[in-house]
Amino acid sequence: MNPMTFRDLQDLPPTIDLMTAARALGIGRSKAYQLARDGEFPVRIIRIGDLYRVCTAHLMKVLGMDTGESAS
């Protein structure tokens, strides 16, 4: 698993799949799905049936990156 660069993270769409979020966090596949199933993934997950999606803005906040959003 190749680590994601800052530029890679900036280019992500508004929501991403669980494995992309796990890659950004340095978490392996099995551990990511285990954490998601147990409700312990470090980023809020949106579950649609069997599909896991992660909000990119929330991921960036967890990683300490400025998303450029104002707090108005």
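The values are calculated or read from the model by the stated rules, or taken from the named source; none is laboratory data. In this text the structure is predicted, and so the values were computed from the model without any measurement. Here the Cβ is made from the backbone with ideal geometry for all residues, glycine too, and neighbour counts use every protein chain on show.
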> Under 9 Å by Cβ, and 6 or more places apart or on different chains, what pairs join a residue from segment 32-60 that is on the phi > 0 side of the Ramachandran plot with one that is among the β-branched types (Val, Ile, Thr) and assigned to a strand (DSSP E or B)?
Replying inline: Gly39/Ile45
> Could we say that Asp66 is acidic (Asp, Glu), at pLDDT below 95 and assigned to a helix (DSSP H, G or I) here?
Replying inline: no
> Restricting attention to segment 55-63, does a residue exist that is part of a strand (DSSP E or B), basic (Lys, Arg) and modelled with pLDDT under 95?
Replying inline: no
> In segment 1-50, which helices (runs of 4 or more DSSP H) lie fully inside it and hold 2 or more residues that are small (Gly, Ala, Ser) and surrounded by 13 or more Cβ atoms within 10 Å (Cβ to Cβ)?
Replying inline: 18-25, 29-37
